[in-house]
C-alpha cells in the first residue's frame, strides 16, 4: 500500500500537520501496510528527527515515530525506540520512559527504550534506570541494559570523559558505550578480546571493548579488520543474550563478509534467544548483495518465532535495497531526498 497522496510541495496539510510527516506517519502506523514498507517510512522519519540543527519538522517527526508504539509488532516498536534514542533530542525522553516503565510491554522493547535513554544521556532518567537495574524480578535483558545505560550517562557527564582521547569513529550512531581509548597507535586486539570476554568486568567496560573492536574493523580493508571480527565473533559464546545480540548488531553495522559464517550459525540456532536471532537476520540483510545470503534468509520466513520471521522480511527488503544500489534505505519523499542529497 502506497502512502496517502499528499502534495509534498504544498507546505502544510489542512489540519496544520506537515504533509511529509503526515504521509510517513500514516504509512508507519497503518497495520495493513507491509512491515518492510513501514520500516522504510520509519527511517525517513528518523532522518527528519535527527537533522542538526533541528528544523520545524523535528518534533512532529519524533511524535510520528512515537505514534508507532501502538503497534502489536515488538520488532517495529523496538526499532522505534532505537530511532528515538538517536535523535539527540529531549522530546524523545517521555516516550522512552513510558515504554521502559510499562511492565506489560515486550522485553525487547523495554530493553531498547532503556538503551535509548542512555544514548540521549538524560541525567533525569538515571533514577529510573537504576530502579530497573536493581529490580531482581526484572528480565536480565532489561536489568543489564539499564546497567549499561546508567553507566553511559554517568560517563558522559563525568570529568573522565574529557580526559579520554577517543579515535574518530566511521559510524555516526550513538552507541550504548563509547569505544575504549587506545593507549598507543598499535591496536591491541588480543587485549581488547580479553576485556570483551571477561564476564567478571562491568558490562559497560566490555561493551567499550566491543565498539573499539568494531572501529578496528572499518574500513573493511584495514589489516586489523578480520582479526577484530574474529575476536568479536567469540562474543556469541557469552552467557548474556543481551551481549550476544549486541555483537550481531555490530556485525550489521560493519557489513563485513567475514562475519557471515557466525551470523548464519547464530540465526540457525533454534535454541538461541529470539532477540539475538533477529539481530543476526538483520545483520545478514545488510550484506544482501553477498552470494548466498538471501537464500539463507528465505529459509527462516516461516520460523516459529514471530520476531525472527518479521526480521527476515525486513532483512530481505534490505537485501533488495543493497542489490539495487539506492542511497537511502527509506521511503523518501522528493523534498526529503533533496535535503539528503544536497
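Every number in this text was worked out from the coordinates using simple rules, so none of it is lab data. What you see is a predicted model, and the numbers here were worked out from it, not measured in a lab. Please note: Cβ atoms are built from the backbone with ideal geometry, for glycine as well, and neighbour counts cover all protein chains shown.
The table below lists the values:
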item	result
Å³ per residue enclosed by the Cα convex hull of the chain	145 Å³
Computed P(r) (all Cα pairs; segment 168-327; 10 Å bins; percent)	11, 41, 34, 13, 1
Likely footprinting exposure, 35, 42, fewest C-beta neighbours within 10 Å first	35, 42
Contour minus Cα-Cα distance for residue 237 and residue 167 (0.36 nm per residue)	22.4 nm
161, 97, 214 arranged by Cβ crowding within 10 Å, fewest neighbours leading	161, 97, 214
Length gained when the stretch residue 101-residue 67 is fully extended (0.36 nm per residue, less Cα-Cα span)	10.5 nm
Förster radius 56 Å - calculated FRET efficiency between residue 291 and residue 159 (Cβ-Cβ, nearest 0.05)	0.65
Nearest-ten-degree value, helix 19-29 long axis tilted from longest Cα axis of the chain	60 degrees
For 69, 43, order by how many other beta-carbon atoms lie within 10 Å, fewest first	43, 69
Helical contribution to [θ] at 222 nm, DSSP H n ≥ 4, -39,500 (n - 2.57), averaged over the chain, rounded to 500	-18000 deg cm²/dmol
Relative contact order (%) - criterion: Cα under 8 Å, at least six apart; region: segment 145-214	36 percent
Cα Rg, Dmax (largest Cα-Cα span) when computed across segment 1-163, Å	16.8, 53
Rough spin-label spacing in nm, given labels placed 7 Å along Cα→Cβ, for residue 302 and residue 205	4.9 nm
Order by protection proxy (mean Cβ within 10 Å, highest first), peptides 259-265, 149-155	149-155, 259-265
Inter-site label distance for residue 270 and residue 31 at 7 Å from Cα along Cβ, in nm	2.9 nm
